[in-house]
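Shown next, in structure tokens, is the structure this report addresses.
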Amino acid sequence: MRFNENRPLAWAVLAVCVLGSVFGLGGNSLAREHDRVEDYFYDGAESSATTRSSMDAYLDRAAECAQVMASEVQLHLGADNANAQKMLDTLPDFGDDDGLDARYAAYQTLQGLSDQLYNEMYAANLSDSERVNFKHAYDDFWGCDKYVRIDPYRSMASEFNDSLDGFPASLAAGLWGVDELNSFGT
């Protein structure tokens, strides 16, 4: 039997081939792109460099600075300082195992708390020498923020998320379990 003799069968085979290629190959392509962008978050452009230049590295450094800021506030303003304790309590949510959404939420919390701690440290009657470690950590924290804001990962994640809009990408992404990436505020 030839396909031109049985047009409904020919159309069915064509539909299966088109749908299979769109959803099968397209979904796999989306999954690979998701993994590539997520790897860029952790490794940056140059994974063999001695200095890590990635969103992950910038966030790790920001967490170290937050730890120092909270410790300095507790040292000079008292261990019972609520904002310093909240900052320390937020740090475990900042780990790699918590996912990008949790890290972004924790990062936003740390940003607000760092400014509150800054105001508290400078409202207190402390000498410049007592504030120096806090000030360095505060400046480093916001220096990391500068790098977070300009890191190419943010635009890559945003472009990937845009590629999931519409048909058939949204359907293929759902079938393959591909989720949007957190673009850290873009």
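The values are calculated or read from the model by the stated rules, or taken from the named source; none is laboratory data. Treat the numbers as computed from the prediction; the structure is a model and nothing was measured. Because the Cβ atoms are built from the backbone with ideal geometry, glycine has one as well, and the counts that use them run over all protein chains shown. The protein model used for the area step is the full one, side chains on, heavy atoms only, and it has no ligands, DNA or RNA in it. Shrake-Rupley method; radii C 1.70, N 1.55, O 1.52, S 1.80 Å.
Computed values, structure above
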item: Length added when fully stretched, residue 98-residue 53, from 0.36 nm per residue minus Cα-Cα; result: 14.1 nm
item: Using a Förster distance of 45 Å, the FRET efficiency for residue 67-residue 171 (Cβ separation, nearest 0.05); result: 0.55
item: Carbon plus sulfur fraction of accessible area for segment 35-186, probe 1.4 Å, in percent; result: 48
item: Average accessible surface area per residue within segment 53-149, 1.4 Å rolling probe, Å²; result: 48
item: Relative contact order, percent, segment 62-150 [alpha-carbon distance under 8 Å, six or more residues apart]; result: 42
item: In nm, spacing of pseudo-spin labels at residue 42 and residue 136 (7 Å Cα→C-beta vector); result: 3.2
item: Calculated FRET value between residue 119 and residue 60, using beta carbons and R₀ = 25 Å, to 0.05; result: 0.45
item: Nitroxide proxy distance, nm - points 7 Å out along Cα→Cβ at residue 126 and residue 147; result: 2.4
